[in-house]
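Scroll down for the structure; my scribbles are underneath it.
Just so it is clear, none of the values below were taken in a lab; they were calculated from the coordinates. Small disclaimer: the values here were computed from a predicted structure and weren't measured. Quick reminder, even Gly has a Cβ in these numbers, built from the backbone with ideal geometry, and neighbours come from all protein chains shown.
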Amino acid sequence: MNIEHKSLDEVMDAMTEEQQLWALENQFPYMFTKAADYLNVGPEQYSKEDYFHLPKTTDPEELELIKQGCIQLCMGKGLYEDQPFTGLGVSGFYLLMGLFHFKSVSRKTKRGVFIDGQRGVLDCITFGHLIDGRCATYYNFCVYSFDE
């Protein structure tokens with residue numbers, strides 16, 4: 001895959017001290033490192049080296065969502081309400097966090113939120129790590145679909 005992205009230091013250096021502390025508290029360096037590795041080696045190789053052999057999916061659409069989530073994470077997205085993940089949908093967000101061995105433990109949803117001129121739902125989900133239980137809170141924005 002080998003997708004260009006900023007280094008962890010570049011992303012962290014662009015944050016305020018308060019943001020850096022929040023990022024550390026929410027496992028950002030750990031997730032950034034795993035996301036960057038995924039982008040560098042691709043899903044097949046990543047799965048071979050992963051403890052749980054994730055991602056297990058071979059569905060091209062799901063793999064694209066994971067890739068897009070990793071790209072956004074490597075840009076520092078998802079940590080803050082005003083810079084959530086976008087374009088992943090709920091399932092893509094869960095696939096992304098699952099890749100890092102995190103499972104949802106609580107969820108808060110705000111409806112009628114506008115981001116980049118689009119109206120939708122903003123989820124704030126706290127995840128717990130499957131092995132050691134450490135927690136991470138991230139934001140995901142889903143555009144309303146009026147077709148349904």
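Just to be sure before I move on: is Val90 part of a helix (DSSP H, G or I) and either touching a residue at least 12 places away in the same chain (Cβ under 8 Å) or crowded, with 19+ Cβ neighbours inside 10 Å (or both) in the structure I sent?
yes
In segment 25-50, the residues that are buried (at least 16 other Cβ atoms within 10 Å of the Cβ) reach residues that are of a type in the set (Val, Ile, Thr) and in a helix (DSSP H, G or I) with C-beta atoms within less than 9 angstrom, at least six apart or across chains, in these pairs: Phe28/Val11; Phe32/Val11; Ala35/Ile71; Tyr38/Ile66; Leu39/Ile71; Pro43/Ile66. Does Val41 fit the bill of being assigned to a helix (DSSP H, G or I), out of contact with any helix residue (DSSP H, G or I) (no Cβ under 8 Å at 6 or more places or on another chain) and either closer than 27 Å to Val113 by Cα or among the hydrophobic types (A, V, I, L, M, F, W, C) (or both)? Answer is no for this residue. Quickly run through segment 112-148 and pick out the residues that are loosely packed, with under 12 Cβ neighbours inside 10 Å and either closer than 19 Å to Tyr94 by Cβ or of a type in the set (A, V, I, L, M, F, W, C) (or both). Those that are loosely packed, with under 12 Cβ neighbours inside 10 Å and either closer than 19 Å to Tyr94 by Cβ or of a type in the set (A, V, I, L, M, F, W, C) (or both): Phe114, Ile131, Gly133, Ser145, Phe146.
How many residues does segment 46-87 hold that are hydrophobic (A, V, I, L, M, F, W, C) and assigned to a loop (DSSP other than H, G, I, E, B)?
The number of residues fulfilling the criteria is 5.
Sort out which residues of segment 1-25 are part of a helix (DSSP H, G or I) and farther than 16 Å from Lys77 by Cβ, and write them in order of number. Those that are part of a helix (DSSP H, G or I) and farther than 16 Å from Lys77 by Cβ: Asp9, Asp13, Glu17, Glu18, Leu21, Leu24, Glu25.
Scanning segment 1-24 for residues that are of a type in the set (D, E, K, R) and exposed (fewer than 15 other Cβ atoms within 10 Å of the Cβ) yields Glu4, Asp9, Glu10, Asp13, Glu17, Glu18.
From Asp59, Asp82, which residue is of a type in the set (Asp, Glu) and within 22 Å of Phe32 (Cβ to Cβ)?
Details: Asp59 fails: within 22 Å of Phe32 (Cβ to Cβ).
Unique residue meeting the criteria: Asp82.
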